[in-house]
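I have placed the structure first, in the form of structure tokens, so that the comments after it can refer back to it.
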Amino acid sequence: IITAGGDLKFGIPFSEVDTVYFGAGFEQNRLDIDSNTPKSYRDYVTDFGRVSNNIPVTVAWSRDARDSALVPSRGYFTQANAEYGTPAGATQYYKADLQAQYYYSFARGFVLGLNLQGGYGRGLAGKPFPIFKNYYAGGIGSVRGYEPSSLGPRDATTGDPIGGSKMVVGNIELTFPLPGTGYDRTLRVFTFLDGGNVWGELGNSVGANGLRYGAGVGLAWISPIGPLKLSLGFPVTKHEGDKYQKFQFQIGTAF
């Protein structure tokens, strides 16, 4: 899938911690297919063509009551986002996303972090949810121990992950100082337990089978280019067709 376009979004702060966002954009999604392309993508092109123009509008709200955006140790963060594909484009749909985080420091340098996020999408006007808007799960920032974006429905013909219109992911993370560094907040170790998956229409797909879980340990460093996480994860639940990846890294976000 090749996506080109742009959007305009602006935020209105309503308090020290609350902000409301409004936005609109234009996207052109091009699906170039061949004999190796998953059947679900080929079917979508047969029904709706190779090029889909999308004109979405969005509204969102966030509340950030954390003590730090880079190294939070207490407080919470929540955000909700709704997107509507308008009739002005070739696709009509809606999708809603919600994320909530909570941090609690129960001893100096020891922080318990909880993260929960979910998404739901549905097509409108008799059309399916656009395949290029599908959710994906797996990997760091999602369910560690599994290959990135590998969870959820797979194409029945090729076995490739194709994502889905419903997603839920939860993370529990215990962070504590790296031994020998005192209480340096820029370099810490952590343990984690992740769970989640993606679901879609059955159709030409296989897989899913409920939630997947991964657990492991890692190192968090506030580097000059942003928060960096290295993790060693292992799947807790294993199903046929799942793809695993032990070592993973992430730059840019706490979770």
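The values are calculated or read from the model by the stated rules, or taken from the named source; none is laboratory data. Note that the structure is predicted; figures quoted are calculated from it, not measured. Here the Cβ is made from the backbone with ideal geometry for all residues, glycine too, and neighbour counts use every protein chain on show. Note: areas computed on protein heavy atoms with side chains; ligands, DNA, RNA excluded. Shrake-Rupley method; radii C 1.70, N 1.55, O 1.52, S 1.80 Å.
Of the residues making up region 223-249, those that are under 21 Å from Arg66 (Cα atoms) and surrounded by 15 or more Cβ atoms within 10 Å (Cβ to Cβ) are Pro227, Leu228, Lys229. Against the condition crowded, with 21+ Cβ neighbours inside 10 Å, basic (Lys, Arg), within 29 Å of Tyr93 (Cα to Cα) and modelled with pLDDT under 95, how does Arg154 come out, does it pass? When the stated conditions are applied, Arg154 passes them. Is one or more of the residues making up region 19-28 closer than 27 Å to Asp155 by Cα, polar (S, T, N, Q) and in a strand (DSSP E or B)? Yes, that holds for at least one residue.
Out of the residues in region 172-188 that are touching a residue at least 24 places away in the same chain (Cβ under 8 Å) and farther than 19 Å from Gly226 by Cβ, state the one that is least open to solvent (accessible area, probe 1.4 Å).
Pro177
Among the residues making up region 45-58, those that are in contact with a strand residue (DSSP E or B) (Cβ under 9 Å, 6 or more places away or on another chain) and not in a strand (DSSP E or B) are Arg50, Ile55. Within region 196-215, the presence of at least one residue that is in contact with a strand residue (DSSP E or B) (Cβ under 6 Å, 6 or more places away or on another chain), surrounded by 15 or more Cβ atoms within 10 Å (Cβ to Cβ), modelled with pLDDT of 90 or more and of a type in the set (Ser, Thr, Tyr) is confirmed.
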